[in-house]
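One structure below.
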Amino acid sequence: MQKTPRFSMNNLPAIWTDELSAQLSEDESILAWLEIDLDHQLHFATGIVIATDKRVLAKMADDGTWQTWAYQQGLQLTQRDHAGVGCLELFDPHARLAFWRYRLGNVMAANRLIECFLQQLDYHVSGKLPESSQTSAQCPHCGAFLSAEQDECPVCEKQNHIPPSTWVLLRLWRFAKPYKGRLLIGFLLTLCSTAATLVPPYLTMPLMDNVLIPYQNGQPIDTDLVQFYLSGLLGAAILAWMLGWARTYMLSLVSERIGADLRTTTYEHLLNLSQEYFGGKRTGDLMARIGAETDRINLFISLHLLDFATDVIMICMTAIILVSINPWLALVTLAPLPIIAWLIHLVRDRLRIGFEKVDRIWAEVNNVLADTIPGIRVVKAFAQEKREAARFHAANQRNLQINDRVNRIWSLFTPTVTLLTEVGLLVVWVFGIWQISQDEITVGVLTAFLAYIGRFYIRLDSMSRIVSITQKAAAGTKRIFDILDHVSSVPESANPVHLPTIQGQIELRHVGFRYGTRSITRGINLVIQPGEMIGLVGHSGSGKSTLVNLICRFYDVTEGAILVDGHDIRTLPLAEYRKHIGLVLQEPFLFFGTIAENIAYGKPDATRAEIVAAARAAHAHEFILRLPHGYDSLVGERGQALSGGERQRISIARALLINPRILILDEATSSVDTTTEKDIQKALDNLVRGRTTIAIAHRLSTLREANRLIVLDRGRIVEIGNHAELMAREGYYHRLYLAQARNVDEEERALISATEHSIAGEHK
Amino acid sequence: MSATVTYQLTRNSYGRLVLTDQSGVTHEGVIPVRSFPVTDPGQGIALIDSHGHELAWIERFDDLPEAYRVLIESELASREFMPEIKRITKVSGFITPSTWHVETDRGAAVLILKGEENIRRLTASSLMITDNHGIHFLLRDRTALDRHSRKLLDHFL
Ligand SMILES: Nc1ncnc2c1ncn2[C@@H]1O[C@H](COP(=O)(O)OP(=O)(O)OP(=O)(O)O)[C@@H](O)[C@H]1O
Ligand SMILES: [Mg+2]
């Protein structure tokens, strides 16, 4: 203990350090602390609870004095939580001495505080030195202990919320990079083709001044000169046409590829996100993002960005040419430009936010569809078509509303720009005529100017349109990057341990888990030996499936660790780890396709013989043969064409085919009748041999073969033992069993009388 | 309804509610739970024992003797945590995750909004905002907010 320096002081929130140094005695050192952010009435406030090697101290910011309690026999520190608020309570044998409330962000710190408290209490009461577990690393920011595998603190890491940069569109560069060569060519082509389109107006100048005006003044037309100028015009037009074609083709090619990359990358990333992410998202929204929005970005890059680039180049070139011809007239011509720039700036943000809203509401419309179409049977069964139609109508109505609002800003914008350009043209006329009258320019110059300006202002107009499109694309890009920036909550380890084969030993150490703020399991300790069959039983909602989710690492534990063959599963590569697990889910899900494809889902290269063997083992073979196309029959979307029990058997076959070391059966046979279940059971018994198996079943008879039964109640293990032991104990399991046995008896009696009845009927 | 109940309710020295029912059985650690905490907090309060079983049902608070009501209300007050946002003073940006500085009926607080999907529409004008730790912030009526807050909020809707 002596070696523990007062290091913790360094990390202590600054407001407390001074106050505390006055409180502590010379040789007292801080071991752990918990920042309190709520008062007893659950108002926001600040405070702190500290465990030192001598006592517990606490103070709220507006309290006058510190409260302290020395370690003594019977002192107890516990924490519980409800709806995101933790409660830390200090008891002596007679009463509660104090309690503190805090938001759950601090839960790690609270656990650490309790741990330190218990160690110190033990030391002070029994004189036993705490084991020097102090060697494990600690987070430099919050002081939480890190396990060997964690290089980043799980507490602090999750608080890292840096918003992405506003310049989202630039982030598309990541996807454009592989095509930079072609993009450069495309850009050069754009440059050239734009330059080519600028030749004709330039030629009008000499045509006017050297041919037409002299002719008006009585000179004959110089046909050679005319020919020269006109062929120049034609040549420029043809050149512009060719270059324009080349650049459009080149850039569309690139943008299609960028779009496809964007889409696949986003989808791949999405697939790797944890179940937690999908739990919080709506299907329609995600589909809208990956489908419609990547397409919009694609279009933006291929058409509008190109136009925009052309416009900018054109405007710059025109400006240069104009200035080179006559700086004063050029200045007047370019005057509306800053005003337009200012206008763009004015509406840009508004438009972007507006378009983001439009996107969101569009996703909402999608959501309604994604919600009702799969649930159509329920909708029809309860005759709620009208209501669903109304819901869709309402979503569309909101879509209109928001679009109307955006369009109001937007529709004002374009005419304003047009008006400005018209006025600009007028000003150029006035100023030009005045200059001609002063003999400062020739008629040709003014004509050329007007020709240029025509194009120039048209470009301005289309450029202003691009504002809205850019903002739309920016909004879409942002929503795509929302997905791409999301870090999976079951992250891949930085330096993974590869286990090509596993024994199948599973160990749960102090496992605690919560969905959001809702605490589901706590303090689960369990070692499952390789090859052992474990039955998980307990009431509905007792956390059986949750435990399976944790073992499969669909979610990461919030406390403790799960080890397979002695390795924390967080250090194993995810896909590799899951290859060792055969899982049959409570709600079997089949994909659109044939039965064979569905069975071979986990092992696409399986031979037909393997598929049939797996189907036989799962007792699916016979019913499959009864289908019109046998193994090539289509199962319909989500397996609709099959019965519940048939779906279950296919998913059992699917799990068996990959020949996993660990087999997890979550209510795998709940939808089949008892006879079929017995058959499957028999087949499974062979297969289960030698594999670590975790089986969940409400029908306790299913689990008779299990080596051990784990009885769960409200997220805790209440009993462990085999059937006979647990029956002898007459505890929780016993009650559960008796209650079921009674039902089964009744069922069987009903069944027998029914068969007798029908037999009697046949005799007649 | 008359203010008669068939059980006794007290608070023990550990700060827990204790319910003694008609047959004299005592349940320690009784927890009051609202059935509709958001849409109708006053209707339907259940007293739940530590195993999650319902012990008593209170249709409305008015049905209770004064002393019990105070007891239950104080317990509810110390359990329920749904700060009501009164004002949004500052947001770090309009792109999530975004840090909001808000004033609530329980004092000033900072919340981190992880994504727009954490804003849930309850009715046309009321919203529930869930922060990164899963704390729910209630916005009872967004039309009643001041202009500044409304403008900030509007970016996220
Ligand atoms: N995604 C989720 N988000 C929040 N809570 C959840 C989620 N999934 C499950 N729960 C809750 O966790 C608890 C345990 O659920 P779990 O699915 O593990 O139960 P179970 O023991 O498998 O029950 P059953 O026998 O009915 O399948 C339940 O109270 C449930 O409401
Ligand atoms: Mg389940």
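The values are calculated or read from the model by the stated rules, or taken from the named source; none is laboratory data. Note that the structure is a prediction, hence the values are computed from the model and not measured. We place every Cβ from the backbone using ideal geometry, glycine too, and count neighbours over all the protein chains shown. Calculation scope for accessible area: heavy atoms of the full protein, side chains included, ligands and nucleic acids excluded. Shrake-Rupley method; radii C 1.70, N 1.55, O 1.52, S 1.80 Å.
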Residues whose built amide H sits under 5 Å from the amide H of residue A:592, excluding neighbours closer than 5 in sequence, are A:638
A student applying the Cα gyration tensor rule (rounded when a/c is under 1.5; otherwise prolate if a/b is larger than b/c, oblate if not) would label the stretch A:519-574 oblate
If a helix is a whole DSSP H run, which ones in chain A reach 24 Å or further along their own axis (Cα) and hold a mean Kyte-Doolittle hydropathy of at least -0.5? A:107-126, A:180-197, A:223-272, A:306-325, A:336-372, A:385-437, A:443-484
Once phi for every residue in the stretch A:619-629 is put through the Karplus expression 6.51 cos²θ - 1.76 cosθ + 1.60 (θ = phi - 60°), the whole-Hz ³J(HN,Hα) values, with Gly and Pro written as x, are 6, 9, 3, 5, 5, 5, 5, 6, 6, x, 10
Quick one: if you take sqrt(5λ) for each eigenvalue of the C-alpha gyration tensor of chain B, what semi-axes come out, biggest first, whole angstrom? 38, 16, 13
By the Cα gyration tensor axes a ≥ b ≥ c (a/c under 1.5 gives rounded; else a/b larger than b/c gives prolate, otherwise oblate), the shape of the stretch B:85-154 is rounded
Amide hydrogen neighbours beyond the local backbone of residue A:29, cut-off 5 Å, H modeled: A:53, A:54
Restraint check, A:357/A:603; A:386/B:114; A:281/A:380; A:177/A:579, Cα-Cα greater than 31 Å: A:357/A:603; A:386/B:114; A:177/A:579
Put +1 on the Cβ of each Lys and Arg and -1 on the Cβ of each Asp and Glu in the stretch B:1-154; which of B:8, B:132, B:74 then has its Cα farthest toward the positive end of the dipole? B:132
Ordered by number, the residues of the stretch A:34-51 that have at least 50 Å² less accessible area in the complete protein assembly than on their own chain alone (1.4 Å probe) are A:42, A:44
Counting only protein heavy atoms and using a 1.4 Å probe, what share of the accessible area of the protein assembly as shown belongs to carbon plus sulfur, as a whole percent? 57 percent
Log entry, pair A-B: total buried accessible area, probe 1.4 Å, protein chains only, in Å² rounded to 100, is 3200 Å²
What Kirkwood Rh does chain A have if only Cα atoms enter the pairwise 1/r average? Answer in Å. 33.4 Å
Over chain B, average the accessible area per residue using a 1.4 Å probe and give it in Å², no decimals. 49 Å²
Counting only residues 5 or more places away or on other chains, whose amide H sits under 5 Å from the amide H of residue A:36 once H atoms are built in the peptide plane? A:47, A:48, A:49
Could you give the distance between the Cα centres of the stretch A:441-513 and the stretch B:88-121, to the whole Å? 24 Å
Signed unit charges on C-beta, dipole axis of the stretch A:606-673, positive-most listed residue A:669, A:656, A:643: A:656
In whole Å, largest first, the alpha carbons of the stretch A:663-730 cover along the principal axes 30, 26, 23
Along the positive direction of the dipole of the stretch B:85-154 (beta-carbon charges: Lys, Arg +1; Asp, Glu -1; about the Cα centre), which of B:92, B:108, B:144 reaches farthest? B:144
Within 10 Å of each candidate Cβ there may be at most 10 other Cβ atoms; applying that plus a DSSP loop requirement, which chymotrypsin sites (Phe, Trp or Tyr not before Pro) in the stretch A:323-423 survive? A:382
Assigning unit charges at the beta carbon (Lys, Arg +1; Asp, Glu -1) and nothing else, what dipole magnitude in debye, to the nearest 20, does the stretch A:245-395 show about its Cα centre? 400 debye
Place a +1 charge on the Cβ of each Lys and Arg in the stretch B:1-151 and a -1 charge on the Cβ of each Asp and Glu, then give the dipole magnitude about the Cα centre in debye, rounded to the nearest 20. 900 debye
Per residue accessible area in Å² of chain A, where ligands, DNA and RNA are left out and the probe is 1.4 Å: 51 Å²
Rounded to the nearest angstrom and ordered from largest down, what semi-axes does the equivalent ellipsoid of the stretch A:325-376 get from its C-alpha gyration tensor (root of 5λ)? 49, 10, 4
At 1.306 mPa s and 10 °C, Stokes diffusion of the stretch B:8-79 via Kirkwood alpha-carbon radius, µm² per second: 128 µm²/s
What size of dipole, in debye to the nearest 20, comes out for the protein assembly as shown about its Cα centre when the only charges are +1 on Lys and Arg C-beta atoms and -1 on Asp and Glu C-beta atoms? 1200 debye
Taking Cα centroids, how far is the stretch A:24-51 from the stretch A:363-423 in Å? 51 Å
What figure in square angstrom, to the nearest 10, would you give for the accessible area of residue A:177 with a 1.4 Å probe? 100 Å²
